[in-house]
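The values are calculated or read from the model by the stated rules, or taken from the named source; none is laboratory data. Bear in mind that the values here come from a model prediction, so they are computed numbers and not experimental data. All Cβ positions, even for glycine, are placed from backbone atoms using ideal geometry, and neighbour counts span all protein chains on display. Keep in mind that these areas ignore ligands, DNA and RNA; they rest on the heavy atoms of the full protein, side chains included. Shrake-Rupley method; radii C 1.70, N 1.55, O 1.52, S 1.80 Å.
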Amino acid sequence: MSSSRTIQMVDNPVPWPNGARCALAMTFDIDTDSFLHLDHGERVPDMVSTTSWLRYDEVAVPRILRIFKAFGLHQTFFFPAWCMENYPHLVDAILKDGHEIAHHGYLHESPNLLSREEELAWLQRGIDVIVRMTGRRPRGYRAPVYNFSRHTADLLAQEEFLYDATLMADEVPYLMKTNAGPLMELPSHWAMDDWPQFAHNIELQYMMTIRSPDEAFAVYEAELESACRNGALCVGVWHPWLMGRLARAERLAVFIEGILKRGDVWIASMEEIAGHIIECKAAGTFNPREVSMPYYSVGLPQPDRPNQTK
């Protein structure tokens, strides 16, 4: 893509480390079969094919770890705590290779379907598991299915999270103002998710057209190129049981190799990115915009419908 003039699209570009033009995090949500148990309950024992589709994480996670290790990268894995308890060998492998584990619910529950008290209970239950299995409190959070509630930002700040990685209101990090203090948002958006590209399961009624790896990565590469032109942040929201399939994993390796060869992209974990933003803010080289949360505390009253009778 070329233009006769250069137009800066981002008002507040980030000064990334070592002169990098943009930052990239390739994050993975390790859901395995967690959400089946909430959504389908007693039917799960007979959903064998779908369960096998999701349990491909046991093959895909080690494969993705091999890819990251081959390129010397450390990234962030968002993990429902129930999955950590039931697949501890995956936790051990991720920690052994020096990656960050962040909070992704307990059983992949949707916070915006819970009361404040219920959401806090699930959040704290997940924190307890992460502390027990990793030795430290999680620094980051991503709401399952992006289902952030009106209470989520307050609760995350209350529980001393450093960042959230759920929302989509910018291409650079920003600060959410909550009743419990500030919370950093490291935003992404659906174009950087692998779900629209690869998720297809008739039993769960996910009927997306499966794209080839090259088609999917053409989307990701376009987003990355734009981020680099504008000093922005690019966050992949991927799932091992989708992205870790053979042809896609091979294409992921090609993607990473190409980025490393160009040398102008800072590939970092989410915790590293959040730490860099804190340093820049303290130095006065980047001032993230502030957004008051929640957007709405109560629903707007419904207006009277116009009378369409004639």
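Here is how the numbers come out for the structure above:
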item	result
Environment charge of VAL59, counting only residues whose C-beta is closer than 13 Å and scoring Lys/Arg +1, Asp/Glu -1	+3
Accessible area of TRP122 in the full protein assembly, 1.4 Å probe (Å², nearest 10)	60 Å²
Charge context of GLU159, other residues only, Cβ under 12 angstrom, K/R +1, D/E -1	-2
For the chain: relative contact order, % (alpha-carbon pairs under 8 angstrom, 6 or more apart)	27 percent
Antiparallel %, DSSP beta bridges [both residues in segment 172-310], to 5	65 percent
Helix-only CD estimate at 222 nm, as mean residue ellipticity for the chain, using -39500 (n - 2.57) per DSSP H run (n ≥ 4)	-12500 deg cm²/dmol
Over the chain: Kirkwood hydrodynamic radius from C-alpha pairwise inverse distances, Å	20.5 Å
Residue order for ARG248, ARG116 - accessible surface, 1.4 angstrom probe, largest first	ARG116, ARG248
Top positive-direction residue, dipole computed over the chain with Cβ charges, set VAL44, GLN124, TRP266	TRP266
PHE28, PHE148, ranked by accessible area, largest first (probe 1.4 Å)	PHE148, PHE28
Farthest positive-ward along segment 165-243 dipole, Cα basis, beta-carbon charges - from LEU204, THR166, HIS189	THR166
Nitroxide proxy distance, nm - points 7 Å out along Cα→Cβ at GLU159 and GLU58	2.8 nm
Extended-chain gain in nm, criterion 0.36 nm per residue less alpha-carbon gap, TYR296 and ALA282	2.0 nm
Within segment 1-112: Cβ-based charge dipole about Cα centre, in debye rounded to nearest 20 (Lys, Arg +1; Asp, Glu -1)	740 debye
ARG136 accessible area, 1.4 Å probe, all protein chains in place, Å² to nearest 10	110 Å²
Inter-site label distance for ALA93 and GLU203 at 7 Å from Cα along Cβ, in nm	2.3 nm
Probe 1.4 Å, all protein chains present, accessible-area order of SER292, SER188, largest first	SER292, SER188
Difference of contour (0.36 nm per residue) and Cα-Cα distance, ILE210 to ARG305	30.1 nm
Label point 7 Å beyond Cα of GLU257 along Cβ direction - residues of segment 12-28 with amide nitrogen under 20 Å	26
